[in-house]
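Heads up: the structure comes next, in structure tokens.
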Amino acid sequence: MDLRLPARRVLYTLGTVFIFTFLLFRFHVPGNSAFEKQRWGMGDIRNSTLGFEKIFVIGLPSRTDRRDGIVLQAALSDMQVEFIDGVLGKDVVDKAVPTSPQGHERIPDGPLGCWRAHVNAAREIVSRNLTSALILEDDADWDVRIRDQLHDFALSARALTQPVRGRAGAYADPTYPMPSDDSPESVPDLDFHHLPGTVPPTVSPYGDNWDLLWVGHCGMHFPFSKTVPKGRVIRLNDETVAPKRNLWTFNVPFTLKETYPEHTRAYHHAQEGVCALGYALSQRGARKLLHEVALKDVSAGFDILLRWYCEGDKGRAPGRQCLTTQPSLFHHHRTVGPASSMSDIGDHGDGFRDAAMTDMVRWSVRLNADALLEGRTDFVNQYPDE
Ligand SMILES: *[C@@H]1O[C@H](CO)[C@@H](O)[C@H](O)[C@H]1NC(C)=O
Ligand SMILES: *[C@@H]1O[C@H](CO)[C@@H](O)[C@H](O)[C@H]1NC(C)=O
């Protein structure tokens, strides 16, 4: 009898147990990044480009103050950014500005230069064949918890635009991808904490079916046009949402504030967005943007053109998928100094600001630079509850 056989069996058994344990730890521990990434792609949202292929920052090279600021903020947030030079309207020749057959006045130099710089960013995405990019203006600021916020944004975007798992071709939002004539005026809110299971995306952690994610704005409406899907994801008790008394918008009525409790965040399709302070474009979204915003009649500022792009208005094709959240995730940072230095587009009067601030962002990265530089976590909350 061969006495070595049982010993070998013991070895095999031990080996098998070891391999199983290894596999268990590698693939079944919740939060294991390799597992998350492979199966859901959610891990990518925490990378240095926030789950996009690139982050572009648009700004005039002469505004060195803003470049200094945003480079520091990005470093403190472990983000990698690339600059796209802003353009002065006077350098854009008339022939290069598409107009309609009826013709109209050239839009003012400020908005014209802004349009050109944003279109240059979209063109970069197309010519470099990037899968997606986040585009920020150089005075943007954000919360220390931006990765958690974008993670939740992605979960909501998937619930609104990915097919429901196990129900071929069905979507949680019955008005997606576009309402039909017999679609309801409104659909029930989806609860962020009980989102339907959806088919995991393969192209982007934010889902495979979006053109634009409008994450930096200064006003948004819940959808009401015939061409915009009506689904809403509602998240109660989001502690990154400032108290209602600190929320404001250009868009009246401010339904989020008037209808929902304190600290509610909403995710939905974009309607009448104001300010293009921060947004992401997918490759397909950037191509459509060149077609609809770069090459058609430039008769309004870039944010208004984006609005028409998202809503299929003023000769733009319907069916774009533009997702957003209220309150916005990126906001303008306002430094100490004459209020006129705030933007090179408009005239902001003669006031002087003696304390730096960022609207609505509770744990502003910019305003917590001291703590972040020292690795502390006792962040200053600009907008505490009472
Ligand atoms: C971050 O994740 C996105 C999405 O998977 C990817 O396209 C991008 O290249 C990643 N960024 C870096 C710096 O690895
Ligand atoms: C762009 O990238 C996609 C994959 O992301 C690839 O299939 C396609 O061939 C690329 N196009 C060009 C022109 O490189």
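The values are calculated or read from the model by the stated rules, or taken from the named source; none is laboratory data. Predicted model, so just to flag it, every value in this text is computed and none were measured. Cβ: placed from backbone, ideal geometry, glycine included. Neighbour counts: every protein chain shown. What goes into the accessible areas is simple: the full protein's heavy atoms, side chains included, and nothing from ligands, DNA or RNA. Shrake-Rupley method; radii C 1.70, N 1.55, O 1.52, S 1.80 Å.
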Point to revise | Under Karplus coefficients 6.51, -1.76 and 1.60, residue-wise ³J(HN,Hα) of segment 285-290 in Hz, glycine/proline x | key: x, 5, 4, 5, 5, 4
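Divide by every residue of the chain the summed helix terms, -39500 (n - 2.57) for each DSSP H run of at least 4, and state the resulting mean residue ellipticity at 222 nm, rounded to the nearest 500 deg cm²/dmol.
Values: 9 runs with 107 residues, N = 386.
Per the formula, -8500 deg cm²/dmol.
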Practice item. Could you tell me which of T131, L72, S299 has its Cα farthest along the dipole of the chain towards the positive end, charges placed at Cβ (Lys, Arg +1; Asp, Glu -1), taken about the Cα centre? Key: T131
Point to revise | Positive-end residue of L50, P196, P179, charge dipole of the chain with Cβ unit charges | key: P196
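Dipole size in debye (nearest 20) for the chain around its Cα centre, Lys and Arg Cβ +1, Asp and Glu Cβ -1? Could you put the intermediate results ahead of the total?
On the way: 43 positive and 49 negative charges, 340 e Å.
With Lys and Arg at +1 and Asp and Glu at -1, about 1640 debye.
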Practice item. Please go through the residue pairs K95/K226; K54/K257; K95/K314; K54/K296 and name each one whose alpha carbons sit more than 31 Å apart in this structure. Key: K95/K226; K54/K257
Check your understanding: Going by alpha carbons, how many degrees (0 to 90, nearest 10) lie between the helix axis of 4-28 and the longest principal axis of the chain?
Key -> 20
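What is the dipole size for segment 220-273, taken about its Cα centre, with +1 at each Lys and Arg Cβ and -1 at each Asp and Glu Cβ, in debye to the nearest 20? Walk me through the numbers before you get to the answer.
Details: 8 positive and 5 negative charges, 29 e Å.
Using only the charged Cβ atoms, the result is roughly 140 debye.
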Review point. In terms of solvent-accessible area of protein heavy atoms at a 1.4 angstrom probe, what is the ranking of V228, V144, highest value first?
Key: V144, V228
Exercise for review: Go through W210, V274, L372 and say which Cα lies farthest out towards the positive end of the charge dipole of segment 45-386; charges sit on Cβ, +1 for Lys and Arg, -1 for Asp and Glu.
Suggested key: W210
**Study point:** Coordinate range along principal axes, alpha carbons of segment 137-266, Å, largest first
**Key:** 43, 32, 29
**Study point:** Stokes-Einstein D for the chain, Kirkwood Rh over Cα pairs, 10 °C, 1.306 mPa s (µm²/s)
**Key:** 70
Review point. What angle, in degrees between 0 and 90 and rounded to the nearest 10, separates the Cα long axis of helix 109-127 from the longest principal axis of the Cα atoms of the chain?
Key: 30
Review point. Using the heavy atoms of the protein chains alone and a 1.4 angstrom probe, what is the accessible area of the chain per residue in square angstrom?
Key: 49
